[in-house]
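Asks: I'd like to ask you about the structure that follows.
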Amino acid sequence: MEKKQVVVDGTVLCTGIQTATSCTSESLLCLVRKSGIMLVAVSGLRLVISWEARLAQPPAENLTLILPPVVAELLSCKTVCDQAKVVLATRGHSAIARLTDHRGNYDLHWKSDLASFSGPRELAYLLQAPRALVNVSHLSFSDAAHQAVAKLGCMHATKQINPTKLAMLVDLNFGRLRVDGEVIVTTQSRRFFFDPRLVIRALEFLKEETISVGITPLRGEERRGCLSLVSTDAEWTVHCALLSIGKDTQKLYPLPSGRNR
């Protein structure tokens with residue numbers, strides 16, 4: 001079976017894993033492409049968080065591997081951060097990370113079965129931010145989201161509306177952002193409703209003062225879409241992608257426990 005191999009900057013790999021593992025205790029999906037390296041974490045069935053950074057030397061080929069929690073912890077240590085180059089390789093369901101110092105080479109081997117990475121079936125859509133993004137203040141979006149949550153709580157308390165019928169509406173018609181708490185309506189196209197808990201969580205992963213917001217309708221499902229919240233610093237682009245609540249998924253799923261809850 002053909003062996004695939006890429007060389008990545010140890011500091012970029014280490015700092016990316018450190019950031020990702022601070023948000024989740026589950027396995028990470030690692031994608032190395034000519035455009036750079038991407039680390040992906042999944043929170044439940046509707047939220048996907050990805051961290052992407054460009055590499056100084058684009059790899060000669062693409063590589064996809066799973067980083068189990070133990071491997072991610074080992075690759076986030078100072079030794080890896082000090083490496084100018086780390087070799088990542090795969091062959092079948094096996095993966096290797098090779099470190100080097102003045103004494104020689106050291107190989108870390110583990111099983112990397114892509115089937116073990118549990119994510120929503122729409123994962124491919126959730127990894128791509130739309131080109132049309134609207135820049136907004138992180139603070140203003142957060143204020144609007146919290147006001148929407150307060151409104152939903154009031155609607156539940158005063159009107160006795162079942163919480164499964166309530167969600168956060170995010171609208172970008174005519175390039176203007178609108179965030180509100182409303183009763184879910186699935187009969188109108190391009191009106192997308194999101195789990196308010198996941199919107200608040202996604203905002204916690206974004207640290208920049210300005211964030212970019214976009215909505216992508218899912219192909220073949222005009223009443224379902226993906227909300228993209230993106231922030232970029234000097235090295236990493238963080239993309240939080242949320243699936244909307246659809247007609248057949250009109251409930252708030254239990255949030256997973258742990259750091260990725």
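Asks: Give the accessible surface of region 1-50 per residue, rounded to a whole number of Å², with probe radius 1.4 Å and ligands, DNA and RNA excluded.
Replies: 36 Å²
Asks: Could you please put R190, R54 in sequence from largest to smallest accessible area, using a 1.4 Å probe?
Replies: Final ranking, largest accessible area leading: R54, R190.
Asks: Mind checking the full-extension length gain between K151 and H93? Use 0.36 nm per residue of separation minus the Cα-Cα distance, one decimal, nm.
Replies: Computed gain between K151 and H93 is 16.0 nm.
Asks: FRET efficiency for D180 and L123, Cβ-Cβ distance as r, R0 = 25 Å, nearest 0.05?
Replies: In this case the efficiency is close to 0.35.
Asks: In addition: Count neighbours as other Cβ atoms within 10 Å of each site's Cβ, and list the trypsin sites (Lys or Arg not before Pro) in region 21-52 that are DSSP loop with at most 16 such neighbours.
Replies: Counting only loop positions with at most 16 other Cβ atoms within 10 Å, the trypsin sites (Lys or Arg not before Pro) in region 21-52 are K34.
Asks: Return the FRET efficiency for the residue pair A84, S22: r is the Cβ-Cβ distance, R0 is 25 Å, and the value is rounded to the nearest 0.05.
Replies: 0.55
Asks: Same structure, new question: Please check the chain for the longest run free of GluC sites (Glu not before Pro) that are loop-located per DSSP (anything but H, G, I, E, B) and have at most 14 other Cβ atoms within 10 Å. Could you put the intermediate results ahead of the total?
Replies: Working: sites that count: E2, E61, E208, E209, E235.
Counting at most 14 other Cβ atoms within 10 Å as exposed, the longest clean stretch of the chain is 62-207.
Asks: Might you list the cysteines of the chain that have no disulfide-compatible partner by the rule of another cysteine's Cβ under 4.7 Å?
Replies: C23, C30, C77, C154, C226, C240
Asks: How high is the FRET efficiency between A60 and K111 when r is their beta carbon distance and R₀ equals 30 Å, given to the nearest 0.05?
Replies: Between A60 and K111 the formula returns 0.75.
Asks: For region 139-194, take N as its residue count and report Rg(C-alpha) divided by 2.2 N^0.38 Å.
Replies: My calculation over the Cα atoms of region 139-194 gives 1.14.
Asks: Loop only per DSSP, at most 15 neighbouring Cβ atoms within 10 Å: give me the trypsin sites (Lys or Arg not before Pro) in region 110-189, ordered by residue number.
Replies: Sparse-neighbourhood loop trypsin sites (Lys or Arg not before Pro): R121, R131, R176.
Asks: Dividing the Cα radius of gyration by the Kirkwood radius, what Rg/Rh value follows for region 43-150?
Replies: Ratio value, two decimals: 1.07.
Asks: Viscosity 0.890 mPa s, temperature 25 °C: give me the Stokes-Einstein translational D for region 170-213 in µm²/s, with Rh taken as the Kirkwood radius over C-alpha pairs.
Replies: The Stokes-Einstein estimate is 202 µm²/s.
Asks: For L206, what residues show an amide H to amide H distance below 5 Å, using hydrogens built from the backbone and excluding near sequence neighbours?
Replies: none
Asks: Taking the Cα centre as origin and putting +1 on Lys and Arg beta-carbons and -1 on Asp and Glu beta-carbons, what dipole magnitude results for the chain, to the nearest 20 debye?
Replies: 620 debye
Asks: Let me ask something additional. When every alpha-carbon pair in the chain is counted, what percent end up more than 22 Å apart?
Replies: Tail of P(r) above 22 Å: 57 percent of Cα pairs.
Asks: Shifting gears a bit: Between A97, A202, A150, where does the largest GNM mean-square fluctuation fall for the chain, given springs only between Cα atoms within less than 10 Å?
Replies: A150
Asks: Could you tell me the ratio Rg/Rh of region 167-241? Both radii from Cα atoms, Rh via Kirkwood.
Replies: Reported Rg/Rh, Kirkwood definition of Rh: 0.98.
Asks: Where does the charge balance sit around M155 when Lys and Arg score +1, Asp and Glu -1, over other residues with C-beta under 12 Å from its C-beta?
Replies: For residues surrounding M155, the net value is +1.
Asks: If you don't mind, another one. Take every Cα pair under 8 Å in the chain that's 6+ residues apart, average their separations, divide by the length, and report that relative contact order as a whole percent.
Replies: 21 percent
Asks: Could you work out the relative contact order of region 1-128, using alpha carbon pairs under 8 angstrom and six or more residues apart, expressed as a whole percent? Walk me through the intermediate numbers first.
Replies: Values: 250 pairs, mean separation 39.2, N = 128.
Normalised by residue count, the contact order of region 1-128 is 31 percent.
The values are calculated or read from the model by the stated rules, or taken from the named source; none is laboratory data. Everything quoted here is computed from the prediction, not taken from an experiment. We place every Cβ from the backbone using ideal geometry, glycine too, and count neighbours over all the protein chains shown. Just so you know, the surface numbers come from the protein's heavy atoms only, side chains and all, with ligands and any DNA or RNA stripped out. Shrake-Rupley method; radii C 1.70, N 1.55, O 1.52, S 1.80 Å.
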